[in-house]
Amino acid sequence: MKQRPSFPARLGVLPMGWARAAVAPVARLQGLGMDSLAHRQRMVQLLHKQGVRDAAVLDAMGSVERHRFVDTALATQSYEDTSLPIGLGQTISKPGVVARMVELLRNGAQGKLGRVLEIGTGCGYQAAVLGQLAQEVYSIERLRGLHDKARENLRPFRLANVHLLFGDGMVGYALGAPYAAIIAAAGGEAVPQAWIDQLAVGGRLVAPVQNRSAAGAAGAAGQALLVLDKTMDGVRQTLLEAVHFVPLKSGVA
Ligand code: SAH
């Protein structure tokens, strides 16, 4: 087997064999006439420039084919650092935000994370990224249409460790608890207690939450990224930069 280079050594000249073998073979982007790997490598270089330093995260972002998670008409934009519509009023998060959150979630961990809970599967892209970095991923979606779409999108990747669940993620998923890490792709007023209960001691949660000081121009409450560490002595919370996520809603539809 070919050895992968240690990343990010010589970022601009990553050899072709670099993409992770477990992910479906690299496809040509329909209509672009260009190799999607080259697009991902450029995206990864941008993420590195933005400050993402965790080699495992950059590796995962470089291997998951994001263009497979969006409509064909949007495929040409799929490696830009932008969120895109995925139907039912929801969006696939910006690659920069996915990488940032997942890097925070790993918190410098060596090797794979244990069990991870994701709230808000959406199109399944972030679940696929997490699938490269965690032993098991439980991902919940409250909209049936997107849950089905994610299942369809993820099928060719054959990620046996990614488990998609249809339900209200506000209550977490007790059957998989305790989790080494919990990540939310939708923002509520506060972090539901169920998530904290289901987080392992020593575990970390990363989620957008409503935050007054991140208020927009109209005075509406903005969102900020929350990092919550569960320790033997309780929880430690840190609010980071402002973010824009779709709202966390209760119930299913
Ligand atoms: N990680 C996703 C981002 C999807 S957007 C991706 O890579 O595409 C966030 C998703 O959270 C939406 O699909 C929305 O329906 C879902 N969501 C909002 N509230 C939820 C809840 N209580 N439980 C589960 N999913 C929820």
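The values are calculated or read from the model by the stated rules, or taken from the named source; none is laboratory data. Since the model is a prediction, treat every value here as computed from it, not as a measurement. When we count neighbours, we look across all protein chains shown, and the Cβ atoms used for this are built from the backbone with ideal geometry, even at glycine. All accessible areas refer to the heavy atoms of the entire protein, side chains included, with ligands and DNA or RNA removed. Shrake-Rupley method; radii C 1.70, N 1.55, O 1.52, S 1.80 Å.
Worth a mention:
- Taking the listed residues G12, G31, G96, G108, the one that is at pLDDT below 95 and within 17 Å of the chain's Cα centre (by Cα) is G108, with no other qualifying.
- Qualifying positions in the stretch 141-166 - part of a loop (DSSP other than H, G, I, E, B) and more than 11 Å from the ligand (Cβ to nearest atom): R158, L159, A160, N161
- Test: residue in the stretch 171-181 that is open to solvent by 30 Å² or more (accessible area, probe 1.4 Å) and out of contact with any helix residue (DSSP H, G or I) (no Cβ under 8 Å at 6 or more places or on another chain): yes
- Where a residue in the stretch 169-185 is more than 9 Å from the ligand (Cβ to nearest atom) and its partner, wherever it lies, is part of a loop (DSSP other than H, G, I, E, B), with Cβ under 8 Å and at least six apart: G172/P192; Y173/G167; I182/G172
- So T72, is it more than 21 Å from E241 (Cβ to Cβ) and hydroxyl-bearing (S, T, Y): yes
- Within the stretch 79-96, being open to solvent by less than 40 Å² (accessible area, probe 1.4 Å) and either touching a strand residue (DSSP E or B) at 6+ places or on another chain (Cβ under 6 Å) or under 14 Å from D54 (Cα atoms) (or both) holds for L84, I86, I92, G96.
- Of all residues making up the stretch 115-136, the number that are more than 11 Å from the ligand (Cβ to nearest atom) and open to solvent by less than 20 Å² (accessible area, probe 1.4 Å): 5
- Filtering the stretch 155-174 to residues that are closer than 30 Å to Q193 by Cα and out of contact with any Phe, Trp or Tyr (no Cβ under 8 Å at 6 or more places or on another chain) leaves L159, A160, N161, V162, L164, F166, D168, G169, M170, V171, A174.
- Scanning the stretch 222-253 for residues that are more than 13 Å from M101 (Cβ to Cβ), more than 16 Å from the ligand (Cβ to nearest atom), assigned to a strand (DSSP E or B) and not aliphatic (A, V, I, L, M) turns up G222, D229, K230, T231, G234, R236, Q237, T238.
- Scanning the stretch 57-112 for residues that are among the β-branched types (V, I, T), part of a helix (DSSP H, G or I) and near the ligand (Cβ under 10 Å from one of its atoms) gives V97, V98.
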